[in-house]
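Heads up: the structure comes next, in structure tokens.
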Amino acid sequence: MSKNEDGIKIILLGETGVGKTNLIRVFFGMEFKENFVSSSSSDCFEGDLKYNDKSYKFFLWDTAGQERYRAINRMFFKDARIILIVYSIIDKHSFDEVDFWIKYVKENIKDEKYIIALIANKNDLYEKQIVMDEEGREAAEKYNIDFLTTSAKTDAVTFKEFVNRLIINYINMTEGSGSKDDKKDTLKINKDKKSEGQKNKKCCWNVKYNFFF
């Protein structure tokens, strides 16, 4: 595949209030919002990755509150290639539900070539931490998936680098490419120029800005 026309679909799952929307906001260079109110719709954001002299498009999808109904449309999982399960270190319930979300993914994605990763969010609130980092690592090891502890509020760069690495890993897995260490990659992130809160007629938001790793 010299150019992935359809794009690499990345979805964020997890309980309401764990910070999925803010993780996507800071990934795309938007301001972190305290007390963000989830909506009942899904938002999609678009970016481009140039890796090993090839161009790839990727899309980040936010469930934006649908998870409270436990009835996310199965079509939402169609063609998903990278799935990020997010929990909050200050919310034990969100961590307890990790097993549910991983099972839900496996029941809804039939293609074997996909990546799941576990994200522990809100590590800036370590004074209130209920779920210890070791518990998150043990859960990730149980399912043999990658694990990241981060904060949408204070550690956006770490999250960006983690997602970038997962995209590269997916490309290598599906194309048999070489190691990332000896390749050049550039991540171009796109979001919409329109004012926030305005409805977009297209599936994804689109304004250009470059981020280099």
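The values are calculated or read from the model by the stated rules, or taken from the named source; none is laboratory data. Just so it is clear, the structure is predicted and the values come from calculations on it, not from any experiment. Reconstructed Cβ throughout: ideal geometry from the backbone, glycine too, with neighbour counts over all protein chains shown.
Some notes on this structure:
- Taken over the stretch 71-92, the criterion of being charged (D, E, K, R) and at pLDDT 90 or above is satisfied by Arg81, Asp91, Lys92.
- Tally, over the stretch 159-168, of residues that are more than 14 Å from Lys9 (Cα to Cα) and over 10 Å from the mean Cα position of the chain (by Cα): 2
- Scope the stretch 126-140; condition exposed (fewer than 14 other Cβ atoms within 10 Å of the Cβ) and assigned to a helix (DSSP H, G or I); matching residues: Tyr126, Glu127, Lys128, Glu134, Glu138
- Single residue of Ile145, Ile90, Ile130 found to be under 28 Å from Leu49 (Cα atoms) and of a type in the set (Val, Ile, Thr): Ile145
- Being among the small types (Gly, Ala, Ser), within 15 Å of the chain's Cα centre (by Cα) and at pLDDT below 95 is a property that Ala156 has.
Yes/no matrix, rows are residues, columns are (1) at pLDDT 85 or above; (2) surrounded by fewer than 15 Cβ atoms within 10 Å (Cβ to Cβ); (3) farther than 24 Å from Asp124 by Cβ; (4) not aromatic (Phe, Trp, Tyr):
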position	(1), (2), (3), (4)
Lys9	yes, no, yes, yes
Gly14	yes, no, no, yes
Asn22	yes, no, no, yes
Ser39	no, yes, yes, yes
Asp43	no, no, no, yes
Phe59	yes, no, yes, no
Asp62	no, no, no, yes
Tyr69	no, yes, yes, no
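- Only one of the listed residues (Glu5, Glu34) is part of a strand (DSSP E or B) and at pLDDT below 90. That residue is Glu5.
- Checking every residue in the stretch 155-169 against the condition of being farther than 26 Å from Phe77 by Cα, part of a helix (DSSP H, G or I) and either in contact (Cβ under 8 Å) with a residue 24 or more places away in the chain or not polar (S, T, N, Q) (or both) gives at least one match.
- Residue in the stretch 141-152 that is over 22 Å from Phe32 (Cβ atoms), surrounded by fewer than 18 Cβ atoms within 10 Å (Cβ to Cβ), in contact (Cβ under 8 Å) with a residue 12 or more places away in the chain and more than 17 Å from the chain's Cα centre (by Cα) present: yes
- All positions within the stretch 77-113 that are under 24 Å from Glu175 (Cα atoms), buried (at least 21 other Cβ atoms within 10 Å of the Cβ) and not hydrophobic (A, V, I, L, M, F, W, C): Arg81
- For beta carbons closer than 9 Å, sequence separation of 6+ or different chains, a first residue in the stretch 96-117 that is in contact (Cβ under 8 Å) with a residue 60 or more places away in the chain and outside any helix (DSSP H, G or I) and a second that is surrounded by fewer than 19 Cβ atoms within 10 Å (Cβ to Cβ) and β-branched (Val, Ile, Thr), the qualifying pairs are Lys113/Thr174.
- Restricted to the stretch 141-154, and to residues there that are out of contact with any Phe, Trp or Tyr (no Cβ under 7 Å at 6 or more places or on another chain) and in a strand (DSSP E or B), the residue that is nearest to Val18 (Cα to Cα) is Thr149.
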